[in-house]
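What follows is a single structure, written as structure tokens, with notes after it.
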Amino acid sequence: MSSALAYMLLVLSISLLNGQSPPGKPEIHKCRSPDKETFTCWWNPGSDGGLPTNYSLTYSKEGEKNTYECPDYKTSGPNSCFFSKQYTSIWKIYIITVNATNEMGSSTSDPLYVDVTYIVEPEPPRNLTLEVKQVKDKKTYLWVKWLPPTITDVKTGWFTMEYEIRLKSEEADEWEIHFTGHQTQFKVFDLYPGQKYLVQTRCKPDHGYWSRWGQEKSIEIPNDFTLKDTTVWIIVAVLSAVICLIMVWAVALKGYSMMTCIFPPVPGPKIKGFDTHLLEVHNKEQLENYVY
């Protein structure tokens, strides 16, 4: 018995001298569900002790005695475990641990308690579109529109999504972020004409985490709107001047002065029952009698 123990100590000492040791303690890095129907957990393996090391994920559900091993180590890549719909339950607490084993020994991660409802991190919004528009008071704005992620069911109320957009000019260093609530469109005012803007969107469910920022799109705010306003006023001024010149020329051609146009002559008074024609005839007769 003592000789076997001595042999084991000798082997351990030689292994330690060669840099070999039991594996380091793994750490569960993150668990994420994109849609409340499946989820994935990832872990950091830690040191392998200089030896080939095997990793396994085991879990149990709160209130149950059975322990299960990860159903799928391949779908989500290295150091991960994927739970398909068959193995995913909401409103259940999963107790998850990762085990590392090599020839020198084994180690186990701290347990992670997971409720699928609260680890939802959706995909980013899709179909981002940008359009420059102008309101009646000639103000220019950027109209940003998008659609919810494909795999999330927002129409039936299974998901309630909130959104954010961020934008910046191409030369700027910092992003300007706008929270849009449940809306899938947003208007951004006070943008600088002639500058190119970059825009992204992201979303978050009622319980869970923000998605990563979606695909970046860009648009240039044109100078045309400002130029159109200036052109209109120039045209109005030219037409007004032409109309004034035509009026002055017409008045001068007819021989009327501007004062006559502004202050027309006041007609003479008229006496009711007085016939001016009879007066003219009487005056003519008196003139003829005087001549003869």
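The values are calculated or read from the model by the stated rules, or taken from the named source; none is laboratory data. The structure presented is a predicted model; accordingly, all values stated were derived computationally and were not measured. Cβ sites come from the backbone with ideal geometry, for glycine too, and all protein chains shown count toward neighbours. Surface areas here come from the heavy atoms of the whole protein model, side chains and all, with no ligands, DNA or RNA. Shrake-Rupley method; radii C 1.70, N 1.55, O 1.52, S 1.80 Å.
Per the listing Lys74, Lys36, the residue uniquely modelled with pLDDT under 95, of a type in the set (Lys, Arg) and within 23 Å of Ile119 (Cα to Cα) is Lys36. Restricting attention to the stretch 86-134, the residues being outside any strand (DSSP E or B) and within 31 Å of the chain's Cα centre (by Cα) number 10. Just one of (1) more than 29 Å from Leu147 (Cα to Cα); (2) surrounded by 18 or more Cβ atoms within 10 Å (Cβ to Cβ) fails for Lys61. It is (2). Inside the stretch 39-54, can you point out the residues that are open to solvent by 20 Å² or more (accessible area, probe 1.4 Å) and either hydroxyl-bearing (Ser, Thr, Tyr) or touching a Pro at 6+ places or on another chain (Cβ under 6 Å) (or both)? Pro45, Gly46, Ser47, Asp48, Thr53 - these are the residues of the stretch 39-54 that are open to solvent by 20 Å² or more (accessible area, probe 1.4 Å) and either hydroxyl-bearing (Ser, Thr, Tyr) or touching a Pro at 6+ places or on another chain (Cβ under 6 Å) (or both). Scoring Ala172 on the criteria (1) among the hydrophobic types (A, V, I, L, M, F, W, C); (2) open to solvent by 20 Å² or more (accessible area, probe 1.4 Å); (3) at pLDDT 95 or above leaves a single failure, condition (3). Tallying residues that are over 21 Å from Pro222 (Cα atoms) and hydrophobic (A, V, I, L, M, F, W, C) within the stretch 163-174 yields 1.
In the stretch 69-80, how many are part of a strand (DSSP E or B) and surrounded by 14 or more Cβ atoms within 10 Å (Cβ to Cβ)? If you could, list the steps in order and put the result at the bottom.
Start the filter on the stretch 69-80 by keeping residues that are part of a strand (DSSP E or B), which leaves 69, 80.
Going one step further and asking which of them are surrounded by 14 or more Cβ atoms within 10 Å (Cβ to Cβ), we end up with 80.
Number satisfying all stated conditions: 1.
State yes or no: is Phe83 crowded, with 19+ Cβ neighbours inside 10 Å, more than 28 Å from Ser218 (Cα to Cα) and either in contact (Cβ under 8 Å) with a residue 60 or more places away in the chain or not assigned by the TED database to the domain that holds Lys61 (or both)? Taking the combined requirement at face value, the residue does not satisfy it.
Out of curiosity, is Lys36 open to solvent by 60 Å² or more (accessible area, probe 1.4 Å), in contact (Cβ under 8 Å) with a residue 60 or more places away in the chain and in the same structural domain as Thr101 (by the TED database)? No.
Right, Lys92: without any contact (Cβ under 8 Å) to a residue 40 or more places away in the chain, within 24 Å of Ile28 (Cβ to Cβ) and open to solvent by 60 Å² or more (accessible area, probe 1.4 Å) or not? Walk me through how you get there before you give the answer.
Working: without any contact (Cβ under 8 Å) to a residue 40 or more places away in the chain: yes; within 24 Å of Ile28 (Cβ to Cβ): yes; open to solvent by 60 Å² or more (accessible area, probe 1.4 Å): yes.
Judged against the criteria, Lys92 is a match.
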